[in-house]
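Scroll down for the structure; my scribbles are underneath it.
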Amino acid sequence: MKIVWTDFAIENLKDIFDYYAIKANKKVAHKIRKQILKSTNQIKDNPESGQIEFNLDRLKQNHRYLVSGNYKVIYKVFENQIIINDVFDTRQNPIKINDEKRKTE
């Protein structure tokens, strides 16, 4: 299966990198980004290995997630693609996962 990142997910990953590049350093930022990207490798061969994201259940798109550090990598399987919709910081209020921007992806 092919992994496809939405613009929204890419932007969130970039924001995470930028945050750690400023608050810590670029080495830490690269390490966190690499860890998040590496975590998606497991879903290539086993797309249903992630847990169901109940906060998005009302969308009826079978969103799932993987945990990577403090982040949820939220995805769904569509045809022969795994679509990464979001990289969500789990330290935020979980209700934010229902943000309007996330619903349109």
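The numbers here are math on the coordinates, done by the rules we state, and not lab data. Here the structure is a predicted model, which means the values were calculated and not measured. As a convention, Cβ positions derive from the backbone with ideal geometry for all residues, glycine included, and neighbour counts pool all protein chains shown.
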In sequence order, calculated HN-Hα J values of region 83-93 (Karplus, 6.51, -1.76, 1.60; Hz; x Gly/Pro): 9, 7, 8, 6, 10, 10, 6, 6, 7, 7, 5
With Cα coordinates, the longest principal axis of the chain makes an angle with the long axis of helix 26-39, in degrees rounded to 10, of 20 degrees
Ranked from highest to lowest mean number of other Cβ atoms within 10 Å per residue, what is the order of the peptides 32-41, 70-79? 70-79, 32-41
For every helix of n ≥ 4 consecutive DSSP H residues, a contribution of -39,500 (n - 2.57) applies; sum these over the chain, divide by its total residues, and give [θ] at 222 nm rounded to the nearest 500 deg cm²/dmol. -11000 deg cm²/dmol
Helix 7-23 sits off the longest principal axis of the Cα atoms of the chain, rounded to the nearest 10 on a 0 to 90 degree scale, by 20 degrees
For the chain, size of Cβ-based charge dipole, Lys and Arg +1, Asp and Glu -1, in debye: 420 debye
Per-residue counts of other Cβ atoms within 10 Å, averaged by peptide: what ranking do you get for 85-94, 49-58, highest first? 85-94, 49-58
With the charge dipole of region 2-103 built from beta-carbon charges (+1 for Lys and Arg, -1 for Asp and Glu) about the Cα centre, the Cα from Tyr65, Gln35, Thr6 projecting farthest to the positive end belongs to Gln35
Rounded to the nearest 5, what is the percent of antiparallel bridges among the DSSP beta bridges in the chain? 80 percent
